[in-house]
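Trainee: Sharing a structure here in structure tokens format.
The values are calculated or read from the model by the stated rules, or taken from the named source; none is laboratory data. Quick caveat: nothing in here was measured; it's all calculated off a predicted structure. Here the Cβ is made from the backbone with ideal geometry for all residues, glycine too, and neighbour counts use every protein chain on show. Keep in mind that these areas ignore ligands, DNA and RNA; they rest on the heavy atoms of the full protein, side chains included. Shrake-Rupley method; radii C 1.70, N 1.55, O 1.52, S 1.80 Å.
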Amino acid sequence: MALSVSDHLSNANEQIEFIATALASSGQRLRVFDGIYRGKAKTKSVKELATTTQLTTKQVLTAGKFLAHHQIVGQTMKGGGTAYEKIDFYAGRKNQILRLARNPKKISEIPTKRRAAATATAVPAIDVRVTVSPQASAKRIMLDDVESFSRVRDAPRVGALADALSETAFKEGVKSILGESGEFKDWGGEICDLSTANLLLGNKRMPTAFAFKGPGTSGKLTPGKMGKNGDQLQRLVQAPCRLFVVQYVRQIDDSVPTQLELLALARSSFVGVPIQYMVIDGWDSQRLVDSYPEAFA
């Protein structure tokens with residue numbers, strides 16, 4: 001459930017971080033947001049936005065539906081058709097949001113609660129106070145915590161996954177274990193590589209989104225190696241899920257779970273429910289393959 005407008009002022013930086021991330025992951029959302037908040041008119045029809053953004057009516061409606069669902073804009077009627085209207089909170093912060101969305105690397109510099117805590121530890125003289133919604137929660141879980149992967153609990157971490165197993169083959173193996181029959185084709189702008197509601201965590205089904213990185217990526221995995229613009233983690237947490245997973249065939253740098261935790265916290269703060277995240281490095285990947293050989297045959 002999205003946070004209500006009344007929560008915005010007490011949760012401003014987390015809201016801005018989430019929205020800038022959402023816009024950065026979709027050029028169409030960015031153009032529609034800019035079109036709605038540009039100029040003095042409070043309300044813009046879909047037809048008007050299609051003209052100003054040079055998008056099709058369908059593209060405007062798709063982007064507008066996302067923005068309205070997450071209460072980034074209001075949805076109304078104008079001239080007998082769908083229209084979108086500004087929300088004062090975002091209208092006053094439009095330029096900041098657009099600057100961040102067009103330069104995603106700057107998003108990590110927003111002083112959220114977690115970053116404030118880290119800053120206070122490193123530099124005690126800096127006093128930064130940011131209030132977030134009290135229900136915000138981001139928890140890291142391990143591969144052994146997942147009931148769907150329960151066989152790995154008896155498998156030791158003895159070696160990283162061999163390069164012979166491709167990213168696609170590993171994804172298909174995970175799908176097989178989870179009994180997921182959907183098709184998920186790779187393309188440059190996908191939110192995630194696999195989304196499923198079949199994963200069991202705590203004996204309950206958990207909507208989960210995966211990002212897989214295969215042997216085509218070299219060295220230790222860092223956020224900058226994830227996606228053409230280094231924004232794959234930002235796109236991953238846009239999936240309508242409650243658990244976000246990053247898997248790689250080799251070592252994963254600490255910066256990946258650190259950034260994923262921040263994004264998960266922002267997501268939790270925005271949607272109002274706890275979010276969990278997990279990283280599966282090459283050693284845990286090999287444990288999974290060893291434990292379910294029939295899935296990766």
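Trainee: Within the range 198-209, track down each residue that is in contact with a helix residue (DSSP H, G or I) (Cβ under 7 Å, 6 or more places away or on another chain) and not small (Gly, Ala, Ser).
Mentor: 198, 199, 200, 201, 203
Trainee: Turning to a different aspect of this structure: So residue 51 passes all but one of these: (1) more than 30 Å from residue 230 (Cα to Cα); (2) at pLDDT below 90. Which condition number does it fail?
Mentor: (2)
Trainee: Regarding the range 274-284, can at least one residue be identified that is more than 18 Å from residue 209 (Cα to Cα) and not in a helix (DSSP H, G or I)?
Mentor: no
Trainee: State all residues of the range 70-81 that are open to solvent by 40 Å² or more (accessible area, probe 1.4 Å) and either of a type in the set (Asp, Glu) or in contact with a helix residue (DSSP H, G or I) (Cβ under 7 Å, 6 or more places away or on another chain) (or both); if no residue qualifies, say none.
Mentor: If the condition is that a residue be open to solvent by 40 Å² or more (accessible area, probe 1.4 Å) and either of a type in the set (Asp, Glu) or in contact with a helix residue (DSSP H, G or I) (Cβ under 7 Å, 6 or more places away or on another chain) (or both), then 71, 75 are the ones that fit.
Trainee: Let me ask something additional. Checking the conditions here, which among 243, 263, 236 is touching a residue at least 40 places away in the same chain (Cβ under 8 Å), in contact with a helix residue (DSSP H, G or I) (Cβ under 7 Å, 6 or more places away or on another chain) and not acidic (Asp, Glu)?
Mentor: 263
Trainee: Still on this model: Could you list, in sequence order, the residues of the range 200-214 that are farther than 22 Å from residue 231 by Cβ and crowded, with 17+ Cβ neighbours inside 10 Å? If you could, list the steps in order and put the result at the bottom.
Mentor: Step one: of the range 200-214, the residues farther than 22 Å from residue 231 by Cβ are 200-206.
Once the filter is applied, which keeps residues that are farther than 22 Å from residue 231 by Cβ and crowded, with 17+ Cβ neighbours inside 10 Å, the range 200-214 yields 201, 206.
Trainee: Can you tell me which residue in the range 37-63 is surrounded by the most Cβ atoms within 10 Å (Cβ to Cβ), limited to those that are among the polar types (S, T, N, Q) and closer than 19 Å to residue 95 by Cα?
Mentor: 53
Trainee: Can I ask one more? Is at least one residue of the range 228-243 surrounded by fewer than 21 Cβ atoms within 10 Å (Cβ to Cβ), more than 15 Å from the chain's Cα centre (by Cα) and more than 19 Å from residue 20 (Cβ to Cβ)?
Mentor: No, there is no match, as no residue in the range 228-243 is surrounded by fewer than 21 Cβ atoms within 10 Å (Cβ to Cβ), more than 15 Å from the chain's Cα centre (by Cα) and more than 19 Å from residue 20 (Cβ to Cβ).
Trainee: Quick test for you: out of 248, 292, pick the one residue that is open to solvent by 10 Å² or more (accessible area, probe 1.4 Å), at pLDDT 95 or above and either closer than 22 Å to residue 20 by Cβ or touching a helix residue (DSSP H, G or I) at 6+ places or on another chain (Cβ under 9 Å) (or both). Walk me through how you get there before you give the answer.
Mentor: Values: 248 fails: open to solvent by 10 Å² or more (accessible area, probe 1.4 Å).
Among 248, 292, only 292 is open to solvent by 10 Å² or more (accessible area, probe 1.4 Å), at pLDDT 95 or above and either closer than 22 Å to residue 20 by Cβ or touching a helix residue (DSSP H, G or I) at 6+ places or on another chain (Cβ under 9 Å) (or both).
Trainee: Residue 140: loosely packed, with under 14 Cβ neighbours inside 10 Å and modelled with pLDDT under 95, yes or no?
Mentor: Answer is no for this residue.
Trainee: Pairs needed: first member in the range 69-86, on the phi > 0 side of the Ramachandran plot; second member anywhere, part of a strand (DSSP E or B); C-beta distance under 8 Å; at least 6 residues apart or different chains.
Mentor: The qualifying pairs are 79/45.
Trainee: Also, I was wondering about something else. Which pairs have Cβ atoms under 9 Å, sit 6 or more apart or on different chains, and link a residue in the range 32-54 that is more than 17 Å from residue 79 (Cα to Cα) and aliphatic (A, V, I, L, M) to one that is open to solvent by less than 50 Å² (accessible area, probe 1.4 Å) and assigned to a helix (DSSP H, G or I)?
Mentor: So the pair list comes out as 32/49; 32/53; 32/60; 32/63; 32/64; 32/66; 32/67.
Trainee: Then there is this: So which residues in the range 275-289 are within 14 Å of the chain's Cα centre (by Cα) and open to solvent by 20 Å² or more (accessible area, probe 1.4 Å), if there are any at all?
Mentor: Correct list: 276 only.
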